[in-house]
1. Set the Förster radius R0 to 35 Å, insert the Cβ-Cβ distance between ALA48 and ARG252 as r into 1/(1 + (r/R0)^6), and round the FRET efficiency to 0.05.
2. Using the Cα centre as the reference, give the magnitude of the dipole from point charges on the C-beta atoms of the chain (Lys, Arg: +1; Asp, Glu: -1; all else neutral), rounded to the nearest 20 debye.
3. Using the beta-carbon distance between ASP91 and LEU222 and R0 = 22 Å, what value does 1/(1 + (r/R0)^6) give for FRET efficiency, to the nearest 0.05?
4. Could you report the chain's accessible area per residue, 1.4 Å probe, as an integer in Å²?
5. If you wrap the chain's Cα atoms in a convex hull and average its projection over all directions, what's the area in nm²?
6. How high is the relative contact order of the chain, in percent, counting Cα pairs under 8 Å that sit 6 or more residues apart?
7. In the neighborhood of MET117, defined by Cβ-to-Cβ distances under 11 Å, what is the net charge if each Lys or Arg adds +1 and each Asp or Glu adds -1?
8. Of SER217, THR146, LEU28, which is farthest along the charge dipole of the chain in the positive direction, counting Lys and Arg as +1 and Asp and Glu as -1 at C-beta?
Amino acid sequence: GTFNNILVERTGSNNQVGVITLHRPKALNALCDDLMTEMNTVLDDFEANSDVRTIVITGHGKSFAAGADIKEMADRDFIGVYSGNFLSHWDRVTRCTKPVIAAVNGFAFGGGCELAMMCDIIYASSSAKFGQPEIKLGTIPGAGGTQRLTRAIGKSKAMELVLTGDHISASEAERIGLVSKVFEGDQLLPETIKLAERIGAFSQPVLQMAKEAVNKSQELSLAEGLHLEKRLFHSSFATADRREGMKAFAERRAAEFKDE
Ligand code: HXC
């Protein structure tokens with residue numbers, strides 16, 4: 001289908017990478033309700049389509065996403081947001097079983113930074129900027145900015161960003177571990193797609209186990225996390241791909257994974 005606020009394409013070998021480009025040029029890709037609904041529809045599609053192996057989310061122009069749509073939120077009241085559970089549909093990305101990579105090409109503020117942090121890996125362009133400016137609007141982050149950011153960069157730095165609304169550069173974000181790699185602007189998307197293709201070449205069910213284990217580290221105690229990891233590790237032995245991977249190593253050839 002066609003969408004008003006995002007562009008959707010398939011790329012990479014065998015079109016195995018699904019790319020969502022946030023595209024609301026008049027508002028620096030601010031995440032209005034309609035945009036999030038469209039993105040969720042596409043994520044449902046990508047998840048259901050076994051030809052799509054990895055997902056990339058990026059933004060059009062000089063912005064990844066300049067936050068939730070402030071103009072859309074401005075007149076809402078407490079009872080409305082509370083009883084309607086405002087923004088409850090924002091966490092679709094976190095429920096993807098396939099790897100999701102954010103390619104942050106510019107402003108990632110407020111909900112934009114939070115959306116990036118819902119992804120599994122963040123790559124950024126050298127001009128990217130990250131921040132949680134909600135305090136300047138008289139509110140606080142509402143889609144993970146106080147929780148995921150703190151886990152990603154530690155309490156003092158997260159608290160500084162959340163309490164000042166200041167933003168940080170891509171290189172600072174890389175230095176403190178929010179971002180895993182930084183590229184010159186024109187290299188960001190090609191490098192992200194390359195990464196998506198490399199990851200997509202592995203066994204899909206085993207990728208899913210690996211992703212689940214790493215993500216659970218953010219939620220479980222160490223003992224529970226180690227237990228889950230061990231069980232998922234054991235589970236990988238139920239796959240033909242695990243057998244093939246180890247056999248291929250012994251035979252000094254490349255493994256051929258079949259998602260089985
Ligand atoms: C609605 C937005 C917007 C936003 C920008 N625009 N950000 N509209 N919601 N979040 C609109 C502007 O109003 C303007 O429209 C157009 O996009 C271009 O923006 P400018 O400000 O003129 O661009 P520039 O001078 O380059 O400044 C870029 C900027 C600034 C620094 C990113 O736009 C900015 O500070 N935006 C708000 C960032 C923010 O506070 N984000 C957090 C939102 S709250 P017009 O029509 O005037 O030309 C949030 C809460 C999340 O995310 C809660 C849980 C999800």
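The values are calculated or read from the model by the stated rules, or taken from the named source; none is laboratory data. Please read all numbers here as calculations on a predicted model, not as lab measurements. Backbone-built Cβ (ideal geometry, glycine too); neighbour counts: all protein chains shown. Protein only, heavy atoms only, side chains kept; ligands, DNA and RNA dropped before computing areas. Shrake-Rupley method; radii C 1.70, N 1.55, O 1.52, S 1.80 Å.
1. 0.40
2. For this selection, approximately 700 debye.
3. According to the calculation, E is roughly 0.35.
4. 53 Å²
5. Across all orientations, the chain yields a mean hull projection of 15.3 nm².
6. Computed over the chain, the figure is 16 percent.
7. Summing Lys/Arg as +1 and Asp/Glu as -1 gives 0.
8. Of the candidates, SER217 comes out farthest on the positive side.
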